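Notes for the one structure printed next.
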Amino acid sequence: MSKIAYIERRPFAASDAIAEEFGREIYGARLDPSDPEACFNFLYCQFGDRWREVMANLDGAIYAAGQLYIDAEMRRAG
């Protein structure tokens, strides 16, 4: 009798490209990146079918959105 091997899907890993995509969405919605709960709620509502990707990339998305705000402020000041 052979053993049955159960293969589980690997959890979604953090990805710079996905984090940047989500970061642009946060920036475009004019959300405050210093409020992670609001950012998560927004991304979850927008990308509910990709909730695992949202969870894996939330910190990177918040960072990317913050960088977009900083870049925009530097362009405005300069």
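Here are the numbers:
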| quantity | calculated |
| --- | --- |
| Criterion (closer than 15 Å to Tyr69 by Cα and surrounded by fewer than 12 Cβ atoms within 10 Å (Cβ to Cβ)) met by exactly one of Arg24, Arg30 | Arg30 |
| Identity of the residue in segment 34-55, closer than 10 Å to Phe22 by Cβ and either among the polar types (S, T, N, Q) or in contact with a Pro (Cβ under 9 Å, 6 or more places away or on another chain) (or both), that ends up least open to solvent (accessible area, probe 1.4 Å) | Cys39 |
| Extreme residue, farthest from Ala13 (Cα to Cα), among residues of segment 56-74 that are open to solvent by 90 Å² or more (accessible area, probe 1.4 Å) and in contact with a helix residue (DSSP H, G or I) (Cβ under 9 Å, 6 or more places away or on another chain) | Tyr63 |
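The values are calculated or read from the model by the stated rules, or taken from the named source; none is laboratory data. These figures come from a predicted structure and were not determined experimentally. Neighbour counts run over all protein chains shown; Cβ positions are idealised from the backbone, glycine included. With ligands, DNA and RNA removed, areas are computed over all heavy atoms of the protein, side chains included. Shrake-Rupley method; radii C 1.70, N 1.55, O 1.52, S 1.80 Å.
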